[in-house]
Amino acid sequence: MSDSTPHLNIAMIGYGFMGAAHSQGWRVAPRFFNLAARPEMKLLVGRNAERVDDAAATLGWEETSTDWREAIARNDIDVVDIVTPGTSHVDIAIAALDAGKHVLCEKPLATTVRDARAMSDAADRAAGDGAYAMVGFTYRRVPAVAHARDLIAGGAIGDVRQVRAEYLQDWLVDENVPLAWRLQKELAGSGALGDIGAHAIDLAEYISGLSLTQVSGVIDTFVTQRPLLESSVGLSGTASAEMGAVTVDDVALFHGRFDNGALGTFEATRMSTGRKNALRIEIAGSKGAVSFDLEELNSLGFYDATLPTDRQGFSKILVTEPVHPYIDAWWPAGHMLGYEHGFTHQAKDFIDALSSGVQPRPSFADGLHVQSVLDAVERSSAHESVWTPVGD
Ligand code: SOE
């Protein structure tokens with residue numbers, strides 16, 4: 001990148017878990033990828049002045065503010081990156097898009113279909129003026145995931161018939177984990193369903209190239225009261241003696257029908273004792289199958305049913321060759337990548353799209369679709385798991 005490379009000034013709203021991950025992406029992307037514009041980590045926004053100053057110093061942001069409206073009002077800000085709890089996405093994203101800023105927004109897009117639709121409409125309006133919006137379904141940027149999609153798009157497994165997608169965590173097994181924002185419906189929208197089920201839905205559709213049209217599901221909450229947080233809205237914090245109601249699901253299970261007639265099973269849970277961050281997808285087709293597990297993210301399982309029977313079997317492709325997506329910017333073959341690389345690839349892909357004036361994916365319309373699936377699962381669960389159309 002030369003000195004004449006244009007700059008893209010970023011303002012990031014929020015600085016928790018995702019804020020740290022996005023910062024890593026903005027910081028590292030220009031050092032490994034040849035980008036047409038250089039991201040500048042200009043402004044970090046958070047409500048508490050002291051904490052946002054500390055976060056900016058740690059994560060590498062130039063300036064801070066305690067009001068997200070400052071990011072919208074400033075002419076020198078090109079991109080607004082939203083990593084706040086779900087409930088605030090709608091106001092920030094629409095204000096930013098209406099002001100002509102590009103927007104990157106964490107998933108799920110919103111807490112309701114109504115808000116997600118308003119955001120998608122705002123994104124359509126802004127795209128007409130050259131400002132683009134993207135949702136942070138980061139796992140699309142894991143090389144093995146992108147490779148699985150390429151294989152399926154190239155016909156390597158034939159027609160997709162079955163999809164199995166599960167995202168399993170266990171951080172809520174402990175009943176003393178306090179009532180953080182991810183456990184409150186008004187802040188998060190839903191629980192395991194929206195927080196991690198949204199990833200399983202997006203990945204299943206992204207890898208298979210299919211779209212869910214109807215679902216039948218059940219959601220449940222096993223621990224209905226948790227200690228209130230004494231301070232902060234983060235995942236951690238001190239638990240007080242007072243209890244509050246958990247208003248979101250701990251577990252969501254559903255079946256889905258895709259637009260080509262394929263069937264899917266989905267599970268999202270933060271109660272799967274022993275499973276820390278197991279996002280697993282298996283897709284079976286008429287000529288083969290692929291299988292991915294985030295806990296082994298450098299590899300992809302592949303079964304080729306067209307081989308002579310005596311040679312058939314799942315093989316493990318180590319997705320670290322320069323021919324694999326994103327890899328030629330990194331290390332020699334076999335030198336592993338990790339969780340954080342997805343955020344670097346996300347920053348790279350976003351900047352590439354903005355620089356070439358094309359709509360980055362997943363778009364807000366894609367985010368609205370996932371929100372509609374989440375909503376259909378909740379409605380199905382409320383009506384004895386009846387098959388429910390996904391109404392985008
Ligand atoms: C962010 O993309 C995210 O979905 C978090 O919100 C989840 O809690 C995390 O475990 C997976 O990533």
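None of the figures in this text is laboratory data; all of them are computed from the coordinates on show. Everything numeric here is computed off the predicted structure, so don't read it as measured data. Here the Cβ is made from the backbone with ideal geometry for all residues, glycine too, and neighbour counts use every protein chain on show.
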**Study point:** Bridge type composition, the stretch 147-337 - antiparallel percent by DSSP, nearest 5
**Key:** 85 percent
Revision key, fill the gap. Taking Cα pairs closer than 8 Å and at least 6 residues apart, the relative contact order of the stretch 64-147 in percent is 27 percent
Point to revise | Rounded to 5, the percent of DSSP beta bridges in the chain classed as antiparallel | key: 60 percent
Check your understanding: Per residue of the chain, what 222 nm ellipticity follows from adding -39500 (n - 2.57) for every DSSP H run with n ≥ 4, rounded to the nearest 500?
Key -> -9500 deg cm²/dmol
**Study point:** Sequence-separation-based contact order of the stretch 7-136, relative, with Cα cut under 8 Å and 6+ spacing, percent
**Key:** 23 percent
Study note, to complete from the structure: Across 255, 335, 345, the residue with the highest GNM fluctuation in the chain (Cα network, 10 Å cutoff) is 335
Check your understanding: Gaussian network model of the chain, Cα springs within a sub-10 Å range: biggest mean-square fluctuation belongs to which of 118, 198, 333?
Key -> 333
Review point. Where the only charges are on Cβ atoms (+1 Lys, Arg; -1 Asp, Glu), what is the dipole of the stretch 1-58 about its Cα centre, to the nearest 20 debye?
Key: 140 debye
Review point. Hey, rough spin-label estimate for residue 306 and residue 54, points 7 angstrom out along Cα→Cβ, what's it come to in nanometres?
Key: 5.8 nm
Review point. Can you give the relative contact order of the chain as a percent, counting alpha carbon pairs under 8 Å and 6+ residues apart?
Key: 20 percent
Check your understanding: Taking 0.36 nm per intervening residue step and subtracting the Cα-Cα distance, what contour gain separates residue 387 from residue 314 on full extension?
Key -> 22.9 nm
Check your understanding: So if we plug the beta-carbon distance of residue 225 and residue 339 into 1/(1 + (r/R0)^6) with R0 = 25 Å, what FRET efficiency do we get, rounded to 0.05?
Key -> 0.20
Review point. Picking from 266, 135, 184, whose Cα lies most toward the positive end of the charge dipole for the chain (charges on Cβ: Lys, Arg +1; Asp, Glu -1)?
Key: 266
Review point. Rounded, prolate or oblate: which fits the stretch 247-392 when a ≥ b ≥ c are the square roots of the eigenvalues of the alpha-carbon gyration tensor, with rounded for a/c under 1.5 and prolate only if a/b beats b/c?
Key: oblate
